[in-house]
Amino acid sequence: MTISILGCGWFGTALSTALKENGHTVKGSTTTEEKLDATRTHLIRLETAKNSDVDTNFFDCDLMVIANNVRMADEEIYLQRIKYTIELIQRHGI
């Protein structure tokens, strides 16, 4: 199974490791180029995604896990990102 993890911070990275150990193909995402590595293989910037900052190959998966966190001060931005994530998922038929 191919699983995309949107947000490979501490939780997403640990989940990615566990899923890979169980034989799954995992695609992890990050918001900064500096953090791209073996776990975070896709650059996804949801706050600017409408400006084509989305690696659409990330959405070619069997299952997506949203592993982003929200702080109360960022609630409005987080909700906008989730809304756009849903649009991207619908567009790519996950």
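Structure above, values below:
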item	result
Residue 86 being at pLDDT below 80, of a type in the set (Val, Ile, Thr) and over 11 Å from the mean Cα position of the chain (by Cα)	no
Every residue from the range 29-73 that is surrounded by 14 or more Cβ atoms within 10 Å (Cβ to Cβ), part of a helix (DSSP H, G or I) and modelled with pLDDT of 85 or more	35, 58, 59
Residue list for the range 1-24, filter: among the hydrophobic types (A, V, I, L, M, F, W, C) and part of a strand (DSSP E or B)	3, 5, 6
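The values are calculated or read from the model by the stated rules, or taken from the named source; none is laboratory data. Values in this document were obtained by computation on a predicted structure and should not be read as measured data. Using ideal geometry, Cβ is built from the backbone for each residue, glycine included, and neighbour counts are taken over all protein chains shown.
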